[in-house]
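Asks: Handing you this structure, nothing more for now.
The values are calculated or read from the model by the stated rules, or taken from the named source; none is laboratory data. These numbers come from a predicted model, not from an experiment. Cβ placement follows ideal geometry from the backbone for every residue including glycine, while neighbour counts extend to all protein chains displayed. Note: accessible area is taken over every heavy atom of the protein model, side chains too, but ligands, DNA and RNA are not part of it. Shrake-Rupley method; radii C 1.70, N 1.55, O 1.52, S 1.80 Å.
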Amino acid sequence: MNILNTKPIANCNNAETLLPQFVDGELSARDAWQLEKHLANCRDCSLKVEQLKLTIDLLHDTARLDTNDNFMAKLHARLDDIDASASDTRTNTPRPSLREIITGYTRVLHVPGVPIGVAIGAVAVLMVALIPGLKTTPATQTTAKPDSHISTVVEAQLAQTAADPLGDAAADQLVVHPDSAVQDSYNP
Amino acid sequence: MKMSAIKARSKYVCALGLLPLTLIALFAARTANAQFRNGIRRGHALPRYSHPYRANHAPRAKTVHAAGSDPRAIKLLFQTFNSHVFYSGVQQTQVGGQISVQKVMGGPQGRLRIEYVSPPRFAGDIMVTAPSVFLHYISKRQRTYVTKWPAGKRQRIASRLRALVRNGKLQVTQTGWQQIAGVNCTIVRLARVPASAPGGITQRQLWIDPANAVILRNERWSPSGIQSVSYFTSITIGAASGVTMRDFTMASLPSNPHKQRIIHQSTRVMSLPEAEHIAGIHVLLPGYLPAGYRENGVWTVHRGRLTGILIRYSAGVNHFTLFEHRILRQGSSRPRPPIRPRAGVQTWRQASLGQVIAITYIGSLAPSEQLTMERSFR
């Protein structure tokens with residue numbers, strides 16, 4: 001190399017650029033001799049040479065994977081297709097927005113767009129309010145009407161009995177709700 | 001034979017003699033290690049104890065010994081608390097002249113589902129008891145009442161019973177055998193033992209299926225006699241019952257768009273002053289309590305604007321409850337329903353430190369005892 005011809009390998013950076021050619025045996029005798037002198041004094045560069053040689057040996061030992069004869073032809077065809085669809089996407093016009101659709105219809109019908117939108121909204125609100133089937137009723141809801149205090153304490157008492165392994169909630173139910181209709185004697 | 005050859009032969013004989021001994025020692029060591037692996041000797045029943053390292057997570061069946069009680073009856077009684085069988089059947093309940101019929105399903109850890117068949121006022125109602133919740137679906141009101149309690153409540157009640165038996169305050173005895181719904185049952189009697197009555201005052205009589213630890217008949221007694229009885233008229237125990245864990249969930253209750261779910265939160269508090277502070281009322285206590293009854297716990301009950309105090313009094317395994325809350329509005333223009341006498345529930349009003357307190361009694365005391373207690377509040 002010209003560099004090596006003019007000046008000897010002074011640092012590792014210069015040597016590193018020549019290492020692949022050195023390993024492949026492509027350097028001139030003079031350059032190889034100068035590089036060998038550097039490697040003799042530089043442990044880092046000599047290690048790099050060793051690693052490079054090992055890597056090349058490993059690659060040589062790896063089995064080759066043969067492909068079909070038409071592999072390259074298929075690959076190029078697919079790449080061409082991808083390129084064509086990408087260009088198609090770029091050339092297509094973007095989807096119209098909702099506002100553009102409405103504007104288009106109103107132009108066709110010769111009516112202004114804002115009143116149409118307000119009318120549609122009002123109809124939707126009326127449908128939800130008037131048609132009972134459209135109302136969303138939760139399966140369970142907290143009570144709106146306060147329950148009587150006695151019902152509260154009766155339920156608490158039944159629960160206490162139910163938690164007792166020797167309790168008889170069925171008997172308690174008859175005790176707290178006797179034959180007369182269930183009515184609270186006191187309801188503030 | 002040369003001496004050196006004899007010496008060498010004797011060495012081989014010794015080595016061969018030691019070999020079987022070594023093998024026996026190794027085998028013994030291995031067997032012992034296997035037997036005591038995890039601290040449990042094999043070949044013996046695993047202790048019933050909830051421990052993370054052990055396969056059986058059922059609570060330990062503590063041995064309870066008590067003077068005057070029958071150990072077999074005690075064992076059978078506490079086995080019913082940990083029964084793991086599913087069963088279903090038809091149960092009849094009688095209180096005084098009233099009768100109700102229910103379809104009953106049972107499951108592990110005290111799970112119970114009661115579906116009312118009669119009388120007509122209860123028909124369609126369902127009660128579901130699960131380990132930490134009580135669900136009560138009332139068909140006519142289209143409401144489901146949900147009462148939650150902390151996990152382990154059942155175990156705490158069982159522990160209290162154990163303590164009563166161990167202290168000799170509750171006597172558990174086996175009084176005989178009888179068939180209930182075609183199942184041979186052991187009759188177990190629970191009696192409170194006050195100093196005045198060494199023979200005990202019967203509080204419960206239970207007919208227990210010893211094979212499955214299921215109570216098939218439950219009689220509740222007071223000093224004046226039998227108060228209530230519930231018993232199976234037919235029962236199927238095991239997989240044939242068709243009961244599943246789903247039967248003890250909210251999802252199993254009838255779905256209705258108008259269903260209202262009412263949750264009562266009851267919290268046990270340490271003392272009455274603490275409950276008074278939470279509820280903001282001055283509690284009135286009865287000056288007279290029927291024989292053997294004492295305060296067994298105080299809870300605050302919250303629902304909506306209502307915060308009340310629930311005090312439970314117990315004598316052995318019998319209880320009654322007082323619920324007190326401040327009257328928020330007086331002189332309501334709404335006409336009150338007529339007051340009907342109800343033996344199990346009574347409501348009284350009392351003035352207390354400028355407030356009017358409503359006291360609700362729920363229990364099965366004799367009318368004379370109720371009246372005496374009503375007059376003794378202060």
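Per-residue answers, yes or no, for (1) on the phi < 0 side of the Ramachandran plot; (2) modelled with pLDDT under 90:
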{"residue": "B:59", "(1), (2)": "yes, yes"}
{"residue": "B:64", "(1), (2)": "yes, yes"}
{"residue": "B:68", "(1), (2)": "no, yes"}
{"residue": "B:86", "(1), (2)": "yes, no"}
{"residue": "B:93", "(1), (2)": "yes, no"}
{"residue": "B:105", "(1), (2)": "yes, no"}
{"residue": "B:109", "(1), (2)": "no, yes"}
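Asks: Would you check which residues across the stretch B:211-224 are open to solvent by 50 Å² or more (accessible area, probe 1.4 Å) and at pLDDT 95 or above and list them?
Replies: Once the filter is applied, which keeps residues that are open to solvent by 50 Å² or more (accessible area, probe 1.4 Å) and at pLDDT 95 or above, the stretch B:211-224 yields only B:217.
Asks: Does residue B:47 satisfy the condition of being at pLDDT 50 or above and on the phi < 0 side of the Ramachandran plot?
Replies: Numbers: at pLDDT 50 or above: no; on the phi < 0 side of the Ramachandran plot: yes.
Against the criterion (at pLDDT 50 or above and on the phi < 0 side of the Ramachandran plot), residue B:47 does not qualify.
Asks: Do we have residue B:273 as modelled with pLDDT of 85 or more, more than 9 Å from chain A (Cβ to nearest Cβ) and under 20 Å from residue B:326 (Cα atoms) here?
Replies: On the way: modelled with pLDDT of 85 or more: yes; more than 9 Å from chain A (Cβ to nearest Cβ): yes; under 20 Å from residue B:326 (Cα atoms): yes.
Yes, satisfied.
Asks: Please indicate, with yes or no, whether at least one residue in the stretch B:130-150 is at positive phi and either among the aliphatic types (A, V, I, L, M) or open to solvent by less than 40 Å² (accessible area, probe 1.4 Å) (or both). Explain how you work it out, then say what you get.
Replies: Filtering the stretch B:130-150 for residues at positive phi gives B:142.
If we keep only those that are either among the aliphatic types (A, V, I, L, M) or open to solvent by less than 40 Å² (accessible area, probe 1.4 Å) (or both) as well, we get none.
Scanning the stretch B:130-150, I find no residue that is at positive phi and either among the aliphatic types (A, V, I, L, M) or open to solvent by less than 40 Å² (accessible area, probe 1.4 Å) (or both), so the answer is no.
Asks: I'd like the full set of residues that are under 13 Å from residue B:77 (Cα atoms), touching a strand residue (DSSP E or B) at 6+ places or on another chain (Cβ under 7 Å) and not in a strand (DSSP E or B), limited to the stretch B:162-181.
Replies: The answer is B:165, and nothing else.
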